[in-house]
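Report on the structure given below.
The values are calculated or read from the model by the stated rules, or taken from the named source; none is laboratory data. As the structure is a prediction and not an experimental result, all values here were calculated from the model. Here the Cβ is made from the backbone with ideal geometry for all residues, glycine too, and neighbour counts use every protein chain on show.
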Amino acid sequence: MRYASEDLMNEHEGILFGLKILEKMAEPLRGNKEVTVGDFQEMVNFLKLFADKCHHGKEEGLLFPAMERAGIQKEGGPIGQMLLEHAIGRKYIAEMTDSLEDDRIDRHAFGDSANKYIELLRSHIEKENKILFPLGDKRIPLAEQEKLLEAFEQFEEDVMGRGTHEKLHQLLHTFERRYLG
């Protein structure tokens, strides 16, 4: 890897896969079909930890500040828009969390928030992959890119803990078998 954005785009693939699973999980909510509330709780936890705490944490704490130093505008610019979308995504995650209580689920509330979150993140990821990241790759020197990649690894270890990434990916594989067949 030469660019920090490559690491984040790899994570985007995991997030998009998680969204595909979430979309399939939410289908039975529209009917009166039986669902496993614990699976929804685990998926929301995946989104909180992997998509937000880890992935968005790297962007907000490391990449976006480097982009600003390289002259990419935050206020009224692409970084500011991404930060706004992160905040909206957190609101949808909080709504999904609130719709899950013990072993019960508010089907309508969860489904509505999940659909909004899925739509938001798919669009968000496309903007980052096709607009913001290429802009940063052009402006952030390779030496700084290498430092960012090292900082990403340290961030994962310090903030997420050793082995957490692997456990979250294993959860996705379990859900893949369960929901995507």
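General observations
- Any hit, region 105-114, residues being among the basic types (K, R) and either exposed (fewer than 13 other Cβ atoms within 10 Å of the Cβ) or within 18 Å of the chain's Cα centre (by Cα) (or both): no
- Residue that is surrounded by the most Cβ atoms within 10 Å (Cβ to Cβ), among those in region 14-33 that are without any contact (Cβ under 8 Å) to a residue 24 or more places away in the chain and assigned to a helix (DSSP H, G or I): P28
Let's see how each residue does on (1) out of contact with any Pro (no Cβ under 9 Å at 6 or more places or on another chain); (2) surrounded by 14 or more Cβ atoms within 10 Å (Cβ to Cβ); (3) among the acidic types (D, E):
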residue: V35; (1), (2), (3): no, yes, no
residue: M43; (1), (2), (3): yes, yes, no
residue: P78; (1), (2), (3): yes, yes, no
residue: M82; (1), (2), (3): yes, yes, no
residue: I93; (1), (2), (3): yes, yes, no
residue: M96; (1), (2), (3): yes, yes, no
residue: D102; (1), (2), (3): yes, no, yes
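- Any hit, region 139-147, residues being surrounded by 18 or more Cβ atoms within 10 Å (Cβ to Cβ) and assigned to a helix (DSSP H, G or I): yes
- So E60, is it assigned to a helix (DSSP H, G or I), surrounded by fewer than 17 Cβ atoms within 10 Å (Cβ to Cβ) and of a type in the set (D, E): yes
- Test: residue in region 110-123 that is touching a strand residue (DSSP E or B) at 6+ places or on another chain (Cβ under 9 Å), in a helix (DSSP H, G or I), of a type in the set (A, V, I, L, M, F, W, C) and closer than 26 Å to F40 by Cβ: yes
- Where a residue in region 132-146 is touching a residue at least 24 places away in the same chain (Cβ under 8 Å) and its partner, wherever it lies, is among the aromatic types (F, W, Y), with Cβ under 7 Å and at least six apart: D137/Y3; Q145/Y3
- One residue stands out among those in region 144-181 that are among the small types (G, A, S) and modelled with pLDDT under 95: the one that is nearest to K20 (Cα to Cα), which is G181.
- Search result, residues across region 70-108 that are of a type in the set (D, E, K, R), without any contact (Cβ under 8 Å) to a residue 60 or more places away in the chain and in a helix (DSSP H, G or I): E85, R90, K91, E95, D98
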